[in-house]
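This report refers to the structure that appears directly beneath it.
The values are calculated or read from the model by the stated rules, or taken from the named source; none is laboratory data. What you see is a predicted model, and the numbers here were worked out from it, not measured in a lab. When we count neighbours, we look across all protein chains shown, and the Cβ atoms used for this are built from the backbone with ideal geometry, even at glycine. Calculation scope for accessible area: heavy atoms of the full protein, side chains included, ligands and nucleic acids excluded. Shrake-Rupley method; radii C 1.70, N 1.55, O 1.52, S 1.80 Å.
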Amino acid sequence: MRRPRAKAVRLAAVTVLTAAAVAACSATGATGNTSGGAIAGPTGPPILVGMSLSLTGPFSADGHACLRGYQLWRDDVNSHGGLLGRPVKLVWLNDNSDPATATKDYTELITQDHVDLLLGPFSSLLTKPAGVVANRYHYAFVEGSGGAPSVYQLKLPNLFGVSAPVQSQMAPFASWVASIPASKRPRTAAYAMVDDPFADPPVLTAKGILEKAGVTTVYDNENALYEPNQKTGVVPASVLKAAADKIASLHPQIVVIGSVDVPTVAAFINEFRHQRWTPQMLIAAAGPDQGQSFLNAIGTSNADGVMVPDGWYGAFPDALSHVMVQEYIARYGGTASDINADVAEAYSAGQVMADAVTNVGLDQQKIIDFLHTGITLDTVQGPASWDRYVPGRQSGVNTRAVSFIFQWQPVARFVQVLSSEGKPSSIIVSKKMWATF
């Protein structure tokens with residue numbers, strides 16, 4: 001089947017937006033207005049695209065990154081004729097990183113703002129209630145940041161996750177370890193998990209693959225997950241320190257951490273340093289991908305060899321991604337490596353929705369049916385496709401998504417070393433000793 005491509009593929013490659021050409025808009029107000037000046041091309045009433053984002057609260061950094069991705073997508077669409085010849089206007093609300101507020105926001109976007117289209121929030125925690133609301137009102141719901149199994153287990157016919165499902169994101173690492181000849185393969189592993197729907201599934205997938213390959217589990221807290229404090233949302237440092245001490249005493253060759261942020265993974269690494277113990281391999285679900293903040297938390301030289309999964313990176317060799325990266329740099333400055341993957345996740349969700357609307361118009365059922373035909377669409381994160389919907393079965397997983405594994409290497413280089421579609425390259429197999437305090 002022919003692979004339809006968004007207008008950005010055909011046109012944006014020859015026109016890179018500059019900072020002066022894109023609309024400036026506030027990310028602090030409750031509702032965003034996308035009008036920042038006349039945009040040639042689209043005419044008529046705007047197509048309203050609604051979303052709720054975490055502009056305050058624990059997820060605020062990611063929420064603002066998602067907003068940038070949506071804004072870049074909107075400006076690209078509008079600079080090339082809009083959707084169906086009409087301008088795209090974003091309408092966003094602030095969910096304060098709270099599921100109940102996300103529920104309220106998406107209800108308001110549909111019943112009060114009467115948006116034409118819906119795109120997802122940040123995180124699986126917020127995507128679940130948002131998807132339920134969208135389904136209740138029979139809206140197609142395309143999202144880029146809700147990849148936990150609990151999202152797909154809702155079995156919603158209207159939900160389409162563009163990014164790689166989180167449960168498979170550590171699979172390239174575990175499969176690579178399993179492929180190492182038995183005589184050289186690490187023999188023991190420890191698995192430490194914070195209670196989080198994003199952080200734990202990839203750890204459990206990796207555990208299954210490694211155990212099948214003969215790697216013995218010496219520590220696993222699957223039945224006693226580290227619980228965050230209900231008021232602060234943070235796992236107490238004393239809990240993480242005790243876990244790190246226990247793991248260090250067992251000397252596993254591999255440590256797999258279900259972390260949610262830099263402080264979580266840094267707590268383990270810094271306690272390992274205190275104990276003067278270094279595993280051969282260490283991978284964490286989140287934290288090592290946060291650039292300078294991660295390096296500052298553990299020390300630049302200590303990052304060497306640490307790995308982390310992700311679904312996109314600034315140097316991803318894809319024509320669509322390259323265009324988006326150049327647009328981002330023109331608007332916000334910096335380099336490709338400075339771009340948060342949340343930007344690409346949001347942009348991808350917009351691309352998928354735009355392709356569907358271009359093909360079938362604004363009818364919600366037609367959009368849902370189109371995306372369930374199995375057609376493959378191109379996004380800045382690579383191909384996206386969904387199976388036909390079967391009632392009662394898990395639904396919404398991008399069957400063409402690619403997962404990547406990154407590793408910190410000497411001179412503070414963050415390098416893609418593994419993927420679900422390729423062989424390892426320039427990977428550090430055995431981590432050097434931590435620098436002690």
Checked the stretch 181-220 for anything without any contact (Cβ under 8 Å) to a residue 60 or more places away in the chain and part of a loop (DSSP other than H, G, I, E, B); matches are Pro181, Ala182, Ser183, Lys184, Arg185, Asp195, Ala213, Gly214, Val215
Per the filter on the stretch 163-199, residues over 19 Å from Val402 (Cα atoms), out of contact with any Ser or Thr (no Cβ under 8 Å at 6 or more places or on another chain) and not small (Gly, Ala, Ser) are Ile180, Pro181, Lys184, Arg185, Pro186, Met193, Asp195, Asp196
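Do we have any residue at all in the stretch 147-163 that's assigned to a helix (DSSP H, G or I), at negative phi and free of Cβ contacts under 8 Å to residues at least 40 places away in the same chain?
First pass over the stretch 147-163, keeping only residues assigned to a helix (DSSP H, G or I): 149-152.
Add one more test, that the residue is at negative phi, and what stays is 149-152.
Cutting the leftovers down to free of Cβ contacts under 8 Å to residues at least 40 places away in the same chain gives us none.
Looking through the stretch 147-163, none of the residues is assigned to a helix (DSSP H, G or I), at negative phi and free of Cβ contacts under 8 Å to residues at least 40 places away in the same chain.
Can we say Val306 is among the aliphatic types (A, V, I, L, M), under 20 Å from Ala412 (Cα atoms) and surrounded by 19 or more Cβ atoms within 10 Å (Cβ to Cβ)?
Details: among the aliphatic types (A, V, I, L, M): yes; under 20 Å from Ala412 (Cα atoms): yes; surrounded by 19 or more Cβ atoms within 10 Å (Cβ to Cβ): yes.
Yes; evaluated as a whole, the condition is true for this residue.
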Here the residues within the stretch 386-405 that are surrounded by fewer than 20 Cβ atoms within 10 Å (Cβ to Cβ) and polar (S, T, N, Q) are Gln394, Thr399
Practice task
For the stretch 248-257, indicate whether the set of residues that are open to solvent by less than 10 Å² (accessible area, probe 1.4 Å), farther than 27 Å from Asp98 by Cβ and not in a strand (DSSP E or B) is non-empty.
Solution key: yes
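Going through the stretch 410-419 one residue at a time, which ones are open to solvent by 10 Å² or more (accessible area, probe 1.4 Å) and on the phi < 0 side of the Ramachandran plot? Please lay out each step first, then the result.
Residues of the stretch 410-419 open to solvent by 10 Å² or more (accessible area, probe 1.4 Å): 410-416, 419.
Residues satisfying the conditions are Pro410, Arg413, Phe414, Val415, Gln416, Ser419.
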Matching residues in the stretch 338-352 (farther than 15 Å from Gly147 by Cα and touching a Ser or Thr at 6+ places or on another chain (Cβ under 7 Å)) number 2
Return yes or no: is Ser430 touching a residue at least 40 places away in the same chain (Cβ under 8 Å), over 29 Å from Ile367 (Cα atoms) and more than 26 Å from the chain's Cα centre (by Cα)? yes
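Count, please, the residues in the stretch 78-109 that happen to be closer than 20 Å to Val360 by Cβ and either open to solvent by less than 20 Å² (accessible area, probe 1.4 Å) or assigned to a strand (DSSP E or B) (or both).
Residues flagged as closer than 20 Å to Val360 by Cβ and either open to solvent by less than 20 Å² (accessible area, probe 1.4 Å) or assigned to a strand (DSSP E or B) (or both) within the stretch 78-109 amount to 4.
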Considering the stretch 328-355, residues that are modelled with pLDDT of 95 or more and acidic (Asp, Glu), and then whichever is most open to solvent (accessible area, probe 1.4 Å), we arrive at Glu345
Matching residues in the stretch 221-233 (under 21 Å from Ala174 (Cα atoms) and open to solvent by 60 Å² or more (accessible area, probe 1.4 Å)) number 1
Selection from the stretch 192-227 of residues in contact with a Pro (Cβ under 9 Å, 6 or more places away or on another chain) and within 23 Å of His251 (Cβ to Cβ) yields Val194, Leu210, Val215, Thr216, Thr217, Val218, Tyr219, Tyr226
Result of the Cβ filter at 6 Å on the stretch 51-66, keeping first residues that are in contact (Cβ under 8 Å) with a residue 60 or more places away in the chain and open to solvent by less than 20 Å² (accessible area, probe 1.4 Å) and partners that are assigned to a helix (DSSP H, G or I) and among the charged types (D, E, K, R), at least 6 apart or interchain, is Ser52/Asp105; Ala65/Asp342; Cys66/Asp342
Do we have any residue at all in the stretch 229-245 that's under 26 Å from Phe59 (Cβ atoms), under 20 Å from the mean Cα position of the chain (by Cα) and hydroxyl-bearing (Ser, Thr, Tyr)?
no
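Applying the selection to the stretch 363-373, what residues are touching a strand residue (DSSP E or B) at 6+ places or on another chain (Cβ under 9 Å) and open to solvent by 20 Å² or more (accessible area, probe 1.4 Å)? It would help to see each step written out before you state the result.
First, pick out the residues of the stretch 363-373 that are touching a strand residue (DSSP E or B) at 6+ places or on another chain (Cβ under 9 Å): 364, 367-368, 371-372.
If the condition is that a residue be touching a strand residue (DSSP E or B) at 6+ places or on another chain (Cβ under 9 Å) and open to solvent by 20 Å² or more (accessible area, probe 1.4 Å), then Gln364 is the only one that fits.
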If we take the stretch 374-437, then strands (runs of 3 or more DSSP E) inside it with 2 or more residues that are within 25 Å of Met324 (Cβ to Cβ), modelled with pLDDT under 95 and touching a strand residue (DSSP E or B) at 6+ places or on another chain (Cβ under 7 Å) are 404-409, 413-419
All-but-one check, Asp289 against (1) touching an Asp or Glu at 6+ places or on another chain (Cβ under 6 Å); (2) in a helix (DSSP H, G or I), failing number (2)
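Quick check, is Thr358 surrounded by fewer than 17 Cβ atoms within 10 Å (Cβ to Cβ), more than 23 Å from the chain's Cα centre (by Cα), touching a residue at least 40 places away in the same chain (Cβ under 8 Å) and within 24 Å of Thr300 (Cα to Cα)? Can you show your working first?
Values: surrounded by fewer than 17 Cβ atoms within 10 Å (Cβ to Cβ): yes; more than 23 Å from the chain's Cα centre (by Cα): yes; touching a residue at least 40 places away in the same chain (Cβ under 8 Å): yes; within 24 Å of Thr300 (Cα to Cα): no.
Taking the combined requirement at face value, the residue does not satisfy it.
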Going through the stretch 132-187 in order, the residues found to be open to solvent by 10 Å² or more (accessible area, probe 1.4 Å), small (Gly, Ala, Ser) and touching a Lys or Arg at 6+ places or on another chain (Cβ under 8 Å) are Ser150, Ala178
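For the stretch 164-179: of the residues being part of a loop (DSSP other than H, G, I, E, B) and modelled with pLDDT under 95, which is farthest from Met353 (Cα to Cα)? Spell out the reasoning first.
Kept after step one, since they are part of a loop (DSSP other than H, G, I, E, B), are these residues of the stretch 164-179: 164-165, 169-170.
Next, only the ones that are modelled with pLDDT under 95 stay: 164-165, 169.
Values: Ala164: 17, Pro165: 19, Gln169: 24 Å.
Per the stated criteria, the residue is Gln169.
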Scanning the stretch 258-285 for residues that are open to solvent by 10 Å² or more (accessible area, probe 1.4 Å) and either part of a loop (DSSP other than H, G, I, E, B) or of a type in the set (Lys, Arg) (or both) gives Val260, Asp261, Arg273, Gln275, Arg276, Trp277, Thr278, Gln280
